[in-house]
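*Asks:* Mind looking over this structure? Questions follow.
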Amino acid sequence: MITDAPPKKANREGFLESDRIKRSKPPPDGRLLAITKSIESAMKSGTTADVRRACTEFLETASEFYKVQTCGVRVLAARPLRVRENWSTELFGDYTPQTVLIRIWMRTAVRKEVTSFGTFISTLCHEFCHHLDFQRFGFSDSWHTRGFYERAAALYHCARGTPPKKLFWLPTSGGRWRIDWPRTNGAIKLGANRQPDGVSNS
């Protein structure tokens, strides 16, 4: 994951504020985890209608917790594939603030197979965080900042019932940042191996 470049002038203050907000407290009562499991079950059936109903419940519950307008959702089949001479990209999901609508694709672009459950939930949380940027934080745009990715990760781990992890970042050109995966994953392994008294398993 790599962040957007900061704006030169317009909206720069909002961009920096988005970058600063690293946490948006997720629902604490386990409701999202229960709904997420129903999404997983619906995905195994392979029917978009069942998945859409479960996603709607997820978004309604999250919107109620954050006290924002509920956004709509469309669950579509195979991801759009954009091919150029030396590269190709797939669209996993998107959010349109004008219509307050999330679109999310549940099948891969080439093989048309149902995508992995983790990827699907990560995309749903990612697009909902775009919704929160407009509805909760009042940003004029929704940028992929370090703060945005941190907030999306916190919601994802809440929805999956998995331990949150600290993201480590490396600067790149143009004022952008990318995740330092070796350090991030190393911190996760270190935490998993650490005993309550501080003695590791190694």
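Derivation of every value follows stated rules applied to the coordinates shown; laboratory data play no part. Note that the coordinates shown come from a computational prediction; the quantities given were computed from them, not determined experimentally. Here the Cβ positions follow ideal geometry from the backbone for every residue, glycine too, while neighbour counts run over all protein chains shown.
*Asks:* Taking every pair of distinct Cα atoms and averaging 1/r, then inverting, what Kirkwood hydrodynamic radius in Å comes out for the chain?
*Replies:* 18.3 Å
*Asks:* Quick check: from the Cα gyration tensor, does region 87-139 come out rounded (a/c under 1.5), prolate or oblate?
*Replies:* prolate
*Asks:* Relative contact order of the chain, please, whole-number percent, based on alpha carbon pairs below 8 angstrom and at least 6 residues apart.
*Replies:* Once normalised by length, the contact order is 26 percent.
*Asks:* In what sequence do Asp133, Asp29, Asp50 fall when counting other Cβ within 10 Å, fewest first?
*Replies:* Asp29, Asp50, Asp133
*Asks:* Rounded, prolate or oblate: which fits region 8-52 when a ≥ b ≥ c are the square roots of the eigenvalues of the alpha-carbon gyration tensor, with rounded for a/c under 1.5 and prolate only if a/b beats b/c?
*Replies:* Oblate, because a/c is 1.5 or more while a/b does not exceed b/c.
*Asks:* Now for a different question. Which pairs break 19 Å Cα to Cα here: Lys44/Lys112; Lys67/Lys165; Lys37/Lys165; Lys44/Lys166; Lys25/Lys165; Lys22/Lys166?
*Replies:* Check vs 19 Å cut-off fails for Lys67/Lys165; Lys37/Lys165; Lys44/Lys166.
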